[in-house]
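Nothing in this text is a laboratory measurement; each read-out follows from the coordinates by a stated rule. In this text the structure is predicted, and so the values were computed from the model without any measurement. Because the Cβ atoms are built from the backbone with ideal geometry, glycine has one as well, and the counts that use them run over all protein chains shown.
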Amino acid sequence: MALQEVICALFKFSRTCPTLPMDRLLIEYLLVPSVITVIIVYLAANAMLKGMNLGIHALVAITMYIVFIYSGFYAIFAPLMYGFMLFFILIIGVMVFFTTRVISPPKMAALGKVASKIAEKKADVKIIKRSLDVKTAQIAELDRMIDEMGKDIGKREYTTLKMMIHQAKTEKDILASQIHELEKYKDISSSESFSSQSKSTMDTLNNIDGLIREMFEFLRSNTELMHNYGPRVYDFERRYLNQYASTDKQLTKANEKLN
């Protein structure tokens, strides 16, 4: 069997391959497409095996090249590779220039990690936002309950409780504003500012929980009031603790990521 026939059979070229001039077969169908294919499989191997031994990279690249030939894809794309060689060289040149002059691979990888972290934090902001809705409902229910207790508690106690409600509402409004600011962060370069703002948001959320617990303690300290409203106070406190427990794990994880 002649060399040309061996090449045609090995690379699975079409039946017209043996009739081609030898120089054209070697240049247009073998050498140039092979160089382009080797570059592609080498880049693919580096992308898949980043950080591993370079010898493994070479072994995987050779295996991919052999599979590409044996599967018959090489025979399909080889004529196209030669025809679009200049276009291919231009694309590779632009990629090399961009990765070496504009932004280096380590910097690109670092930016990718930052972007991924920002995406995770955006998801955690949604958890805090749902918690804000829960706190809004809890404060509103406490406010209604205190208004109904107004005739049974002293003016001083009623004023103290209403002041605590007002403070809780103020903290709630601050929390809503902070969440709104967090939702604006879209630029990965603002990661540090995002972390600072998110820490303040978690602190505000903790302040609201502290005020609600303080109101429970204040109500429980009034024996006469608990005699008339004890079941209602305890029921509300039980529901509050259940809601807090159901979101505590999520908020704890969010707090760890946000900080």
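Using the beta-carbon distance between residue 80 and residue 6 and R0 = 22 Å, what value does 1/(1 + (r/R0)^6) give for FRET efficiency, to the nearest 0.05?
0.40
Residue separation times 0.36 nm, minus the C-alpha to C-alpha distance between residue 141 and residue 127: what's the value?
2.9 nm
Which value in Å does the Kirkwood hydrodynamic radius of region 3-102 take, with 1/r averaged over all unlike C-alpha pairs and then inverted?
In region 3-102 this quantity evaluates to 14.8 Å.
Within 12 Å, Cβ to Cβ, of residue 200, how many net charges do the neighbouring residues add up to if Lys/Arg are +1 and Asp/Glu are -1?
On the way: positive: 199; negative: 171, 181, 203.
Local charge sum for residue 200: -2.
Please give the charge dipole size of region 3-102, origin at the Cα centre, charges +1 on K and R Cβ atoms and -1 on D and E Cβ atoms. Round to the nearest 20 debye.
Value, rounded to 20: 220 debye.
DSSP loop chymotrypsin sites (Phe, Trp or Tyr not before Pro) in region 1-90 with at most 14 other Cβ atoms within 10 Å of their Cβ, which ones?
For chymotrypsin sites (Phe, Trp or Tyr not before Pro) across region 1-90 that sit outside H, G, I, E and B with at most 14 neighbouring Cβ atoms in 10 Å, the list reads 84.
What distance in nm separates the two pseudo spin-label positions at residue 203 and residue 238, each 7 Å out from Cα along the beta-carbon direction?
The answer from the label model is 3.7 nm.
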